[in-house]
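Everything below concerns the one structure shown next.
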Amino acid sequence: MRTTIIATSIMLAGLSGPAQAQDAAAATTADATVAYAPADWRQVPADNLLVIDTNRGRILVEMAPEAAPLHVERMRVLARRNFFDGIVFHRVIEGFMAQTGDPLGTGEGQSPYPDIKAEFTFRRGPETPFASVAEPAGAALGFLNSLPIQTQPTSVMATTADGRVHGWGAYCPGVAGMARDDAPDSANSQFFLMRAAYPALDKRYTVWGRVVSGLDVVRAIKVGDGENGAVTADPDRMIRVRVAADLALADRPAVQVLDAGTAAFRTLAQGVRADRGADFSICDIDLPVQVSGAAAPAV
């Protein structure tokens, strides 16, 4: 069965406006005009850092087990079994996303493991790391570590049986989602990385992480030239995919992201909101990132 995302009418729709232009999560160094203190940075845990080496370059994804524990665990399992090594980006659409994870390279394949129950939303509790950026009526926009999310306000926790509220990932540039067929619980091994913002996907496809370095690589992946964007000739591919924690220290990249719980982040977010005014989107905020350690291996 073909594993894909979104209806053709949406897949072929063009994107325009400020959200498309934003390189959210793409920066590999902090803004040179801002001097951040050491305490302003958050180290991405090596067990939550997925290292995707492609023929175009390296992509680093911070996985979000708080939002999608089942999907993150599947990504860890497949990476630790070298499942993704050599798999092509079989479906790449300009202004939308790059899809991969199919061992057949056709959109019809998957791993030998069972399909995964959908995690379109999650329950956010007081212990969940969350930094609010804006609070429109009845909602809150902010970050769960590097992941942009929308959620019910924290005040609603006092009224729920479990003391938690609903949250879901926002499909901003760099966000990593899981492909599926028409059945909600049909995700398996195919995933996609957003090349642009596309809020029509919110709460329809599981979000499991976000690119913190290498969005330029995602956008450089060859666009498909076949039906519905399927790559038909010489597609780009993943060379090696590993969880950073499984790499030797000498080969392991280290990633620091501006901590969304700091005053430095709040200053950054307030500045972006002021600049964008009524057009503000959570996708407008780029979190500064520092990458150190081992470089990508030669292809």
Dipole size in debye (nearest 20) for the chain around its Cα centre, Lys and Arg Cβ +1, Asp and Glu Cβ -1? 280
Are there GluC sites (Glu not before Pro) in segment 107-211 that DSSP puts in a loop and that have at most 16 other Cβ atoms within 10 Å, and which ones? Glu108, Glu127
Summing -39500 (n - 2.57) over the DSSP H runs of n ≥ 4 in the chain and dividing by its residue number, what mean residue ellipticity at 222 nm do you reach, to the nearest 500 deg cm²/dmol? -3500 deg cm²/dmol
Can you tell me the orientation of helix 69-80 relative to the chain, as the angle in degrees between its alpha-carbon axis and the longest Cα principal axis, to the nearest 10? 40
Where does each of 175-183, 162-170 land if you order them by average Cβ count within 10 Å, highest first? 175-183, 162-170
Regression test value, accessible area per residue of the chain, probe 1.4 Å, units Å², expected 41
The chain, relative contact order in percent, only Cα pairs under 8 angstrom and at least six apart counted: 32
Matching label for the computed Kirkwood radius over Cα pairs in Å, out of (1) 19.3; (2) 21.5; (3) 20.5, is (1)
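Accessible area of segment 105-219 with a 1.4 Å probe: how many percent of it is carbon plus sulfur?
Summing carbon and sulfur atoms, their accessible area is 53 percent of the total for segment 105-219.
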For the chain, longest principal axis from Cα atoms; helix 263-276 axis from its Cα atoms; angle between them, nearest 10 degrees, is 80
With a 10 Å radius around each residue's Cβ, average the other Cβ atoms per peptide and rank 148-161, 84-97, highest first. 84-97, 148-161
With a ≥ b ≥ c the root eigenvalues of the C-alpha gyration tensor of segment 157-196, is it rounded (a/c under 1.5), prolate (a/b larger than b/c) or oblate? oblate
Checking segment 102-145 for trypsin sites (Lys or Arg not before Pro) in a loop per DSSP with at most 14 other beta-carbon atoms within 10 Å yields Lys117
A student applying the Cα gyration tensor rule (rounded when a/c is under 1.5; otherwise prolate if a/b is larger than b/c, oblate if not) would label segment 152-259 oblate
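The values are calculated or read from the model by the stated rules, or taken from the named source; none is laboratory data. Given the structure is predicted, the values throughout are model-derived calculations rather than measurements. Cβ sites come from the backbone with ideal geometry, for glycine too, and all protein chains shown count toward neighbours. Quick note on the areas: whole protein, heavy atoms, side chains included, nothing else; ligands and nucleic acids left out. Shrake-Rupley method; radii C 1.70, N 1.55, O 1.52, S 1.80 Å.
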